[in-house]
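As structure tokens, the structure follows; a few thoughts come after it.
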Amino acid sequence: MRVPFSYLDRQFADIDGYLDDIRKLVRSGDFTLGASVREFEARFAKLCGLPYAIGVSSGTDALILSLKILGIGPGDEVITTPNTFVATVGAIAMSGARPVFVDSNDEYTIDVSLIEEVITSKTKAILPVHWTGTPADMPAIMEIAQRHNLFVVEDAAQAIGASIDGKHVGSWGETAGFSLHPLKNLNIWGDGGVIVTRSTELYEKLKLFRNHGMASRDEIVMFAHNCRLDSLQAVVANRLMDQVHFITKQRIANAQRYDEAFADLGEYMTIPVRRSNVKQVYHLYVIQVKERDALLSYLIEKGIRAKIHYPIPLHLQKAADYLGYKPGDFPRCEEYSRTAITLPAHQHLTSEEVDYVIEHVRKFCLDKIWS
Ligand SMILES: *Cc1c(COP(=O)(O)O)cnc(C)c1O
């Protein structure tokens, strides 16, 4: 059996509906912003329980535009965690600000107890990441931000559908960035992203900021970016919006099956932490085991496409040299880079495939426990 990590061939086995919609778009010539983007934005905002969504060219651009529109730039500091995809930190650097790291907690999100230690007079914002689709502790982060007069921009790229106490991720901070990349939970046919906000002022500014600062064809009110969500991709996104519920439900169900199947391996393996008031959407289903690299090789040999997210934490990447961090600075993140492994948990796995993953992960771990 082969258990793939990518499910695009299964998800898009039947594309006639998409192509019909694209034919209509091509005939209309409505290629920049237009009706498809407006429809998508309205539906996405509703999903998040917010008044506004702005379609942009990627999740990375969603974060860059968010930081810049809040006035963040050179000389400022933005706090995040190195346990993330490079885009989080790249976005801070591209705004001109300096990324400041704090370690993760045992849920793979920012450890809020460490945030206040690194706040300085230059700190302008906190940028929590809902890593794996698990919400960061937003009530605590908002409380710290209010006390220190900081902005909060959420990196919700992996977390469409996730919530805390029923309040959707992205609706806590000033703005949030989501990604529509082909490997994210809501995945279009190329790059795309979304910014959400409850602020009318930020919404009006961001609409201009992604589109040359053009109030109309002839009136330019600010110099700005060309970071629009592609109208053709919005057509694809509108069809996929119908699947968000299914995608989320299936991933949660697969994660639940893994949790139950691995529950008795506690001495050898760490499964994701659950909190009853939090909805996690398992963009990544991550476990930790001591002999991680051996487990990875074993699973690959059995045809199971497990992955490592990621073997080198961001503060130890060459790109981060100028920040002056060193090994040992963020022990939890460094531990994850050695012990964490991501199992396929996507919505197109069959029940037999989930069983097959369970069987082989258990076999590997039991062999280690008994030996
Ligand atoms: C994917 C991702 C991004 C970037 O999104 P793109 O659409 O690929 O630019 C940012 N942050 C996190 C945590 C991500 O997983």
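The values are calculated or read from the model by the stated rules, or taken from the named source; none is laboratory data. Worth saying up front: this structure is predicted, and the values here are computed from it rather than measured. Neighbour counts run over all protein chains shown; Cβ positions are idealised from the backbone, glycine included. The accessibility values were calculated without ligands, DNA or RNA, using every heavy atom of the protein model including side chains. Shrake-Rupley method; radii C 1.70, N 1.55, O 1.52, S 1.80 Å.
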* Odd one out for S371, checked against (1) open to solvent by 70 Å² or more (accessible area, probe 1.4 Å); (2) touching a helix residue (DSSP H, G or I) at 6+ places or on another chain (Cβ under 9 Å) -> (2)
* Give the residues of segment 355-368 that are surrounded by 14 or more Cβ atoms within 10 Å (Cβ to Cβ) and under 18 Å from R292 (Cβ atoms), sorted by residue number. => V357, I358, H360, V361, R362, F364, C365, K368
* Which listed residue is surrounded by 15 or more Cβ atoms within 10 Å (Cβ to Cβ) and of a type in the set (D, E), from E267, E174 -> E174
* Structure fact -> With criteria (1) out of contact with any helix residue (DSSP H, G or I) (no Cβ under 9 Å at 6 or more places or on another chain); (2) open to solvent by 30 Å² or more (accessible area, probe 1.4 Å), F85 comes up short on (1)
* Asked: Of these, I312, I304, I247, which one is more than 24 Å from E352 (Cα to Cα) and of a type in the set (A, V, I, L, M)?
  -> I312
* Could you check segment 187-298 for helices (runs of 4 or more DSSP H) lying wholly inside it with 2 or more residues that are under 19 Å from the mean Cα position of the chain (by Cα) and more than 16 Å from the ligand (Cβ to nearest atom)? => 244-262
* Structure fact -> Residues of segment 238-257 being open to solvent by 20 Å² or more (accessible area, probe 1.4 Å) and basic (K, R), in sequence order, are R239, K249, R257
* Sole residue being in contact with an Asp or Glu (Cβ under 8 Å, 6 or more places away or on another chain) and in a loop (DSSP other than H, G, I, E, B), chosen from T84, T88 -> T84
* To do: Tell me which residues, restricted to segment 47-72, are more than 12 Å from the ligand (Cβ to nearest atom) and in a loop (DSSP other than H, G, I, E, B).
  => G49, L50, P51, L70, G71, I72
* **Of all residues in segment 88-127 being farther than 21 Å from G324 by Cα and of a type outside the set (D, E, K, R), the one that is most open to solvent (accessible area, probe 1.4 Å)** => S113
* How many residues does segment 177-193 hold that are among the small types (G, A, S), surrounded by 21 or more Cβ atoms within 10 Å (Cβ to Cβ) and farther than 20 Å from S95 by Cα? -> 0
* Structure fact -> Checked segment 279-315 for anything small (G, A, S) and within 28 Å of D137 (Cα to Cα); matches are A306
* To do: Report yes if T120 is of a type outside the set (D, E), within 16 Å of the ligand (Cβ to nearest atom) and in contact (Cβ under 8 Å) with a residue 24 or more places away in the chain, otherwise no.
  => no
* Can G166 be described as more than 10 Å from the ligand (Cβ to nearest atom) and among the small types (G, A, S)? -> yes
* Structure fact -> Expected single match for open to solvent by less than 10 Å² (accessible area, probe 1.4 Å), among the aliphatic types (A, V, I, L, M) and either within 16 Å of A87 (Cβ to Cβ) or in contact (Cβ under 8 Å) with a residue 24 or more places away in the chain (or both) among A140, A159 is A159
